[in-house]
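Accompanying notes for the structure given below.
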Amino acid sequence: MTVLEIEEDRSARFEALYGAHRPSIAAYVRRRVIEHDVEDVIAQVFLIAWRRFAAIPSPPEDRLWLFGVARRMVADHRRSTVRRRRLSQRLAEEARGPVWPQVGSVGPVGFETMQWRVDRAMQALRPGEREVLRLVLWDGASHAEAAALFGCTANAAELRYRRARNRFREAFLAGAPAGRARLQEFSSSLAPRVSGGAQPRGGVMPRALITGITGQDGRYLAELLIGKGYQVHGMIRGQNNPKGRIVQDEVPEIELINGDLTDLSSLIAAVEQVQPDEVYNLGAISFVKLSFSQPELTADVSGTGVLRLLEAIRIVGGTNNRIRFYQAATSEMFGKVREIPQSETTPFHPRSPYGTAKVFGYYTTLNYRESYGIHASNGILFNHTSPRRGLEFVERKITNAVARISLGLQDTVALGNLDTSRDFGYAGDYVEAMWRMLQQDDPSDFVVATGTRWSIRQVLDLAFQAIGIEDWSPYVVIDDRFLRPAEVDELVGDASRAREVLGWEPKVTFPEILKEMVRNDIELEQAKAGGRE
Ligand code: NAP
């Protein structure tokens, strides 16, 4: 083969690879990147993928590789967007003037307008002035550090910074009439988007603080809120928690803040620093089986943790407390059920340390609402799952085992009680209900469920069918170690109130989710196996 023929062959192979996967890559990018940048990012993916394909001796030809390139491009793009947003936000705060409340009052659109005005004001500055503002406000340099870079004294650096800030402020405020006109234009053209977006309180971009950000729901909720124009802060515990990096790779817009539900002072500091409009308490020891072996820790995190967080909100929020609070309550509180289906009026009978801790959290939330007038709501959520569900939970344990069995990596899966049944929904749908609860004028408690019930046997049917196996009995062994000391048999919810008051509906059915989980687990296991070769 001549060099020309090798190149032609390579570009034909690349075209075939890209052609086959372009629609799914475009859909992937479209879900993660703001609309007007989508085509740019797709073009970048194409260009970078082709450069790499052409440069390496034996180029990969599978779709996972192509998606790896797309994932990196999307992450890079989002990181630079976040940096620009942060700078704009700080600069605009510096310039806070009489027009500011109007600029912020339309949520996400207000932010774009603000960013546009920040850009214009920055262009009006001299390069040296821009440099000092960026250095101090964006990179967080002290005046002494700035002085070292400029080769002057700290006092001179401070003076230089102040002059630049004043000039920026003037330029920002001088843009007011144009800004207002542009704002009106935006508001009328994008009115439907605004009404579906965040409801800013106090005239600025709303802020949310989420505990349990590394968990399944935390990550879905963060994506939902960012899409609605929120600034999202996620609480992370421990020293150098490796899950922090996973979360930030996945959703770079999240700002992480340290804190632990077992430590009141860290919660007060977090609420003080973030000054949130909304707090979502999703942090918990949430695995029922673990709660039996670590009951005291479960009570401390999932029960007393709620009290501590509400105390932090009460202390920081003061009188006329504007901070709204969501508590992740659970169907496990119904335990040994008194009626089927369960609704907001069904009495509780928890059957695990997890359930009893959550009942404490539920009544504490109610108590802070009634005693201190805090806008505090309980979401009594029934089981919900997704490809992000932890591997310890039974439905994900099954989809992962099915994936491994289909790839010849595992022979059987060991399970406990196959006859227990649960009401399973999709986590992405359920976080929407959490947000809707905090947008109500009055706080309240809501059951969130699909109203359909699936036994573990049916979960096995669906998961094995996804890989073409009808009879799963040779692949399943019963192991008493997975039985709970006290079982909960028949959880199924009646979400009529959430439908009526919140206008909430589940959109994805359980068989659809489960199929997607099996597909995702096969991809993950294949990628892991590929990495080991
Ligand atoms: P998950 O995946 O198990 O996540 C639990 C989160 O809690 C993790 O981010 C974990 O952080 C955090 N956490 C644990 N101990 C903590 C502590 N001491 N301080 C602060 N954070 C701590 O749970 P999920 O499925 O997303 O569920 C979210 C919430 O909804 C939980 O409260 C759960 O009980 C409740 N809920 C879930 C379901 C469901 O079916 N998924 C149903 C009803 C209610 P680390 O990563 O650092 O451990």
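We did not get these values from a lab; they are worked out from the coordinates using the rules stated. Values in this document were obtained by computation on a predicted structure and should not be read as measured data. Don't worry about glycine lacking a Cβ; one is built from the backbone with ideal geometry, like all the others, and counts go over all protein chains shown.
Based on DSSP H assignment, which helices of the chain show an axial Cα extent of at least 27 Å together with a mean Kyte-Doolittle hydropathy greater than or equal to 0.5?
Correct list, ordered by number: empty.
So, by mean Cβ neighbours within 10 angstrom, what's the order for 120-127, 328-335 with the highest one leading?
Working: 120-127: 13.8, 328-335: 25.1.
Taking the mean over residues of other Cβ atoms within 10 Å, the ranking is 328-335, 120-127.
Given a Förster distance of 35 angstrom, what is the FRET efficiency for residue 523 paired with residue 9, based on the Cβ-Cβ distance and rounded to 0.05?
Taking R0 as 35 Å, the efficiency between residue 523 and residue 9 is 0.80.
What is the spin-label model distance, in nm, from residue 287 to residue 455 if the labels are put 7 Å beyond Cα along the C-beta direction?
2.7 nm
Holding the Cα-Cα limit at 24 Å, pick out from 228/528; 336/507; 228/289; 289/336; 289/507; 243/507 the pairs that are longer than that.
On the way: 228/528 34 Å; 336/507 29 Å; 228/289 36 Å; 289/336 16 Å; 289/507 29 Å; 243/507 29 Å.
Among 228/528; 336/507; 228/289; 289/336; 289/507; 243/507, the Cα-Cα distance tops 24 Å for 228/528; 336/507; 228/289; 289/507; 243/507.
Could you give me D for the chain, from Stokes-Einstein at 25 °C and 0.890 mPa s, where the hydrodynamic radius is the Kirkwood radius over C-alpha pairs? Units µm² s⁻¹, please.
94 µm²/s
Rank-order 407-416, 392-401, 82-91 by packing density, defined as the average count of other C-beta atoms within 10 Å over each peptide's residues, highest first.
392-401, 82-91, 407-416
Let me test this: with uniform point scatterers at the alpha carbons of segment 244-344, what is the Debye-based log₁₀ I(q)/I(0) at q = 0.11, 0.14, 0.21 1/Å?
Computed log10 I(q)/I(0) values: -0.44, -0.68, -1.15.
Counting each DSSP H run of 4 or more residues in the chain as -39500 (n - 2.57), what helix-only mean residue ellipticity at 222 nm follows after dividing by all residues, to the nearest 500 deg cm²/dmol?
Value at 222 nm, helices only: -17500 deg cm²/dmol.
Taking the Cα centroid of segment 33-85 and of segment 240-280, what is the distance between the two, rounded to the nearest whole Å?
29 Å
I'd like the FRET efficiency for residue 80 and residue 30, computed as 1/(1 + (r/R0)^6) with the beta carbon distance as r and R0 of 30 Å, rounded to 0.05.
According to the calculation, E is roughly 0.95.
Computed FRET efficiency, Cβ-Cβ of residue 139 and residue 258, R0 25 Å: what is it to the nearest 0.05?
With a Förster radius of 25 Å, E is 0.70.
Can you check what the net charge comes to around residue 51, using other residues whose Cβ is under 14 Å from the Cβ of residue 51 (Lys, Arg +1; Asp, Glu -1)?
+2
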